[in-house]
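Here the structure is laid out as C-alpha cells; the discussion comes afterwards.
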Amino acid sequence: MDYKVITLRNQKFDIAIISMSALNPFNMLSKVEEELKTFSSKKKVLFDLFSVNGNNNRFCVLTFDGTKFDMSSYQDVDLSKQSELRNRLNQFYHENYNDIYHLSIPKSLDFLVKKGYINKY
C-alpha cells in the first residue's frame, strides 16, 4: 500500500492521505480520486508526505469536489509540532511502523518513527 486514507474530525481538514512509501500520492491522484468518490461531497484533503519528504514540506492540502481534486486549491500547510493533528498523524506512523516502506527515509528518522519520537526531529 502506497498511501492510506483516514477520516479526520478536525475543523480545517476532513480527510488525510498518508504516504506509506517513497511513492508520492500526487503521482497517483486519479487513483486517490476514485477512492474518495465514495464520500461524494466537497472535502478538504490534507496530504501527509512524511515517508516521501520527511518533516520538510511534509503537509499540503487540496480541495476535493466530490469527483476530482481542484488543483488550483493547492496550499502548503505548516502544522506546529505541538498540534493535536500532527501528533495524531505521528502516532499513526508509529503504530503502523511495520507497514511503512522504510527505505524512503533516513535511518535516523526511521529510528525516531519506530520509537515514537517523530516530533523531536
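Counting only residues that are modelled with pLDDT under 90, give me the helices (runs of 4 or more DSSP H) lying completely in region 1-97 with at least 1 of them.
Values: elements: 29-36, 50-53, 84-95.
Filter on region 1-97 gives 50-53, 84-95.
Do you know which residues across region 5-40 are surrounded by fewer than 17 Cβ atoms within 10 Å (Cβ to Cβ), in contact with a helix residue (DSSP H, G or I) (Cβ under 9 Å, 6 or more places away or on another chain) and hydroxyl-bearing (Ser, Thr, Tyr)?
Scanning region 5-40 gives a single hit, Thr7.
Val52 - would you say it is among the aliphatic types (A, V, I, L, M), surrounded by 15 or more Cβ atoms within 10 Å (Cβ to Cβ), touching a Ser or Thr at 6+ places or on another chain (Cβ under 6 Å) and at negative phi?
Values: among the aliphatic types (A, V, I, L, M): yes; surrounded by 15 or more Cβ atoms within 10 Å (Cβ to Cβ): yes; touching a Ser or Thr at 6+ places or on another chain (Cβ under 6 Å): yes; at negative phi: yes.
Judged against the criteria, Val52 is a match.
The values are calculated or read from the model by the stated rules, or taken from the named source; none is laboratory data. Please read all numbers here as calculations on a predicted model, not as lab measurements. All Cβ positions, even for glycine, are placed from backbone atoms using ideal geometry, and neighbour counts span all protein chains on display.
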